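Heads up, the thing below is written out as structure tokens.
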Protein chains: 2
Amino acid sequence: MINIFKALGDSHRLNILKLLTCQEMGACEIIQAIGLSQPAIAHHLKILKQAGLINSEKEGKIVFYTLNKDGIREFYKQLDCFLDELSCFSCSLPKPSQLRQNPNLCTEMGFDPEVCEKMIDEEKIIIKRRGGKQ
Amino acid sequence: MINIFKALGDSHRLNILKLLTCQEMGACEIIQAIGLSQPAIAHHLKILKQAGLINSEKEGKIVFYTLNKDGIREFYKQLDCFLDELSCFSCSLPKPSQLRQNPNLCTEMGFDPEVCEKMIDEEKIIIKRRGGKQ
DNA sequence: TAAAAATTTAATTATTTAAATATATAGTAT
DNA sequence: ATACTATATATTTAAATAATTAAATTTTTA
């Protein structure tokens, strides 16, 4: 999922995705529309492809690109699930930090990081909410 | 929206968000949990704050951080809207490129970029679909 | 040949990071 | 009160790393 965020964190790449709304485009068309050099566009297309956001189909000399709607929807589901893990869809208030009770906690004991890291490490994303609009 | 994608495109920052699930944390706790230097954490917290993904509240010496659930849900809505603009939730097939009819189109006329850029420039995002789970 | 696209290379630019410094707050001793 | 000390966080600076890009090269296809 992080590679998708990285792929989406660039305006040129977002513009390429917008270009592909409702239409397929040859790479040379995309080059003209975006206004970067051919190798730069090829690079961005590669990143979008690897992130699963676009499809490519070679037809003779030309490579045609389209949105990978399934891939994008899958990302949307994963994000939905991730936000659910953060309990962003619940109204529960955050538990107050222990530092509220004892402001010197940080100094006294160097806060065992393991406790926190345990919940971080595993990125087990299970699709459990809403199946997409369709 | 692009700044949110950039903010989310870093594993340390994603881990900070996960840490803040269900609990507020002081900056010193976050430093211990993530295991980066204090200035590095301060930098990441700033990026998350500017992206509207977290809140901060200063209480004496300590700054407490929590998830900005409203901000995150707002991002989710914007993303939903963006994907809708890409017609990711419809089943329509992409229109074939003009290059299919005339493979030399790219060479013949250098493809006027204006046509494509017109639809790119304006990023007018209107919340029109689903209001979030809640 | 020639055109379309990918890859490699090198230069530029942006991001990430730690070290050093600065600011703010709280406590303690004048 | 005022100064001194320590702690928590932010900011600045500089170094390392990663991302972006154009120029040159290569591959593929007509």
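Bear in mind these aren't lab numbers, they're just calculated from the coordinates by the rules spelled out. Please read all numbers here as calculations on a predicted model, not as lab measurements. Methodologically, a virtual Cβ is constructed for each residue, glycine included, from the backbone with ideal geometry; neighbour enumeration extends over all protein chains shown.
Please go through the stretch A:5-23 and give me each residue that is away from DNA strand D (no atom under 13 Å from the Cβ) and in a helix (DSSP H, G or I), ordered by number.
Matches in the stretch A:5-23: A:Leu17, A:Lys18, A:Leu19.
Any idea how many residues of the stretch B:24-74 are facing chain A (nearest Cβ under 9 Å), in contact (Cβ under 8 Å) with a residue 40 or more places away in the chain and more than 10 Å from DNA strand D (Cβ to nearest atom)?
Looking only at that region, the number is 4.
From the list B:Cys81, B:Cys91, exactly one residue is more than 7 Å from chain A (Cβ to nearest Cβ), more than 16 Å from DNA strand C (Cβ to nearest atom) and part of a helix (DSSP H, G or I). Which is it?
B:Cys81
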